[in-house]
């Protein structure tokens with residue numbers, strides 16, 4: 001019999017300490033005294049329901065875009081009022097871990113399938129509804145739904161600081177962040193009297209070029225250790241520059257390295273809570289240079305989404321609660337499971353939510369080498385060449401890859417148009433996306449038993465479908481793009497798979 005276990009962490013205000021509460025979906029014996037992880041631990045059989053909790057790369061039916069966070073709930077029976085004593089405990093922001101396994105197993109054989117953040121419990125007292133206690137569960141991605149920059153300008157140039165702006169210009173505005181290689185950014189004028197400009201709140205690799213009204217100038221001094229430069233004479237027009245940004249210890253220029261630095265430094269995720277192998281794998285898959293410059297209020301989620309979407313990447317937290325990254329690619333390599341007709345409870349096609357729908361594409365256009373400050377003729381000095389003027393008016397260059405033969409078969413074949421943060425490798429990525437989407441791909445939803453083996457499958461896992469329909473009788477590999485475990489009563493899990 002499949003058993004679900006829940007471990008809910010709460011704060012007991014009387015004892016002044018955190019306590020873990022243990023619940024199960026069925027009555028089971030306490031773990032044996034010799035169990036290496038939960039010796040003699042009793043689990044109270046109160047789990048009534050675990051509502052569906054979806055983990056998805058990009059959202060249901062999608063293979064690109066921003067990450068999608070899920071939510072669900074853990075419902076516990078409180079018919080005997082046994083949970084009433086916990087109504088004053090602190091639960092919000094603490095964690096709930098869900099495990100699945102078989103009866104009479106040691107705890108080590110239970111699979112951790114979800115680590116979620118919980119909210120304060122909701123009590124139902126009976127009457128028209130059963131007496132229950134419900135904990136809302138939130139995906140751990142929510143811990144990164146916070147401002148990326150909490151260091152704000154103090155506005156104290158007139159009194160104690162020379163790099164903090166004034167009350168009239170920069171007070172309480174976020175200090176800039178610059179990662180990778182960024183073109184024609186507008187540095188923050190943090191002291192207009194002394195002509196100090198800030199590029200990044202911390203050390204940077206290099207200031208490649210400084211422009212005054214579009215003209216290259218050399219009258220400045222650098223402070224790379226603090227992310228500043230200072231003009232040695234007043235500017236004639238708008239100051240912009242090309243830079244290589246954050247250098248916490250070494251210069252960071254790839255999507256994977258920048259994302260890891262952001263979640264560690266600004267998100268507070270410890271290195272031990274990061275699947276560093278996934279970082280290495282993503283660097284191997286795509287080592288192109290990117291650049292992003294941030295001067296306004298935004299969240300960590302928004303920034304890492306923008307970085308990863310430049311290379312069709314995704315991110316999330318795995319069953320062990322570790323941050324991981326990946327990239328959508330043609331499913332290859334080792335298949336972690338094979339599902340046949342006898343394994344499938346249900347199988348159906350999904351209507352794609354991508355811009356091209358389920359129809360193959362014949363052209364990819366990727367914007368790259370973003371200019372962060374677009375400048376028109378009135379912003380530029382007279383000496384600027386016509387070619388340079390045209391470039392400064394155009395925010396992106398475009399890498400285009402085309403296969404017109406696709407339209408012979410697919411009359412409605414479309415075009416993928418995306419702007420990216422890529423500095424290098426745009427042509428390679430455009431060609432990869434064309435290969436990925438110019439052929440017919442199957443996007444399916446399958447429902448299988450929710451057992452320990454299937455619970456271990458996660459976003460990016462490769463599986464094989466071998467069924468006697470739509471050319472799958474010999475078996476075909478798919479990548480999991482979404483996973484939704486259903487309630488213990490159904491004991492099923494739905495995967496969205498693409499390939």
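All of the numbers you see were taken from the coordinates with simple rules; none came from a lab. What you see is a predicted model, and the numbers here were worked out from it, not measured in a lab. Because the Cβ atoms are built from the backbone with ideal geometry, glycine has one as well, and the counts that use them run over all protein chains shown.
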TODO: Multiply the residue separation of residue 273 and residue 474 by 0.36 nm, subtract the distance between their alpha-carbon atoms, and state the gained length in nm to one decimal.
DONE: 68.4 nm
TODO: Work out, step by step, the length gained on full extension between residue 226 and residue 160: first 0.36 nm times the residue separation, then minus their alpha carbon distance; give nm to one decimal.
DONE: 22.0 nm
Task: Peptide ranges 223-232, 150-159 listed from the most packed, as the mean C-beta count within 10 angstrom indicates - done: 223-232, 150-159
TODO: Using the 2.2 N^0.38 Å rule of thumb for compact globular proteins, work out how the range 361-437 stacks up: its C-alpha Rg over that value, please.
DONE: 1.40
Open item on the list: Going by Cα centres, the range 406-452 and the range 147-171 are how many Å apart?
Closed with: 45 Å
Task: Taking 188, 497 and counting other C-beta atoms within 10 Å, the order from fewest to most - done: 188, 497
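Relative contact order for the chain using alpha-carbon pairs under 8 Å, separation at least 6, rounded to a whole percent?
Answer for the chain is 15 percent.
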Task: FRET efficiency, 1/(1 + (r/R0)^6) with R0 45 Å, evaluated for residue 342 and residue 33 via beta carbons - done: 0.70
Task: Mean residue ellipticity (222 nm) of the chain, computed from DSSP H runs ≥ 4 via -39,500 (n - 2.57), nearest 500 - done: -3000 deg cm²/dmol
Open item on the list: Test of understanding: extend the Cα→C-beta vector of residue 412 to 7 Å, then name every residue of the range 427-452 with backbone N under 17 Å from that spot.
Closed with: 438-443
Task: Exposure proxy order (Cβ contacts within 10 Å, fewest to most) of 168, 139 - done: 168, 139
TODO: Give me the angle, in degrees from 0 to 90, between the Cα long axis of helix 255-265 and the longest principal axis of the Cα atoms of the chain, rounded to the nearest 10.
DONE: 80 degrees
Task: Segments 307-315, 78-86 sorted - mean Cβ within 10 Å per residue, highest first - done: 307-315, 78-86
Task: Paramagnetic label zone (point 7 Å from Cα along Cα-to-C-beta, residue 167; backbone N under 11 Å) in the range 192-213 - done: none
Task: Sorted by Cβ neighbour density within 10 Å, fewest at the top, the residues 498, 89 - done: 89, 498
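To the nearest whole percent, what portion of all C-alpha pairs in the chain is separated by more than 39 angstrom?
In whole percent, the long-distance tail amounts to 38.
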Open item on the list: For the range 379-499, I need the span (max minus min coordinate) of the C-alpha atoms along each principal axis, in Å, sorted largest to smallest.
Closed with: 74, 37, 21
- [ ] Rank-order 475-484, 62-71, 106-115 by packing density, defined as the average count of other C-beta atoms within 10 Å over each peptide's residues, highest first.
- [x] 475-484, 62-71, 106-115
Open item on the list: I want to make sure I understand the PRE zone here: with the label point 7 angstrom from the Cα of residue 152 toward its beta carbon, which residues in the range 257-300 have backbone N atoms less than 13 Å away?
Closed with: 297-298
TODO: Find the centroid of the Cα atoms in the range 274-296 and in the range 354-368, then give the distance between the two in whole Å.
DONE: 23 Å
Task: Centre separation in Å (Cα based) which lies between the range 79-123 and the range 35-63 - done: 9 Å
- [ ] Would you kindly state how much longer the chain becomes between residue 2 and residue 400 on full extension, computed as 0.36 nm times their sequence separation minus their alpha carbon distance, in nm to one decimal?
- [x] 138.1 nm
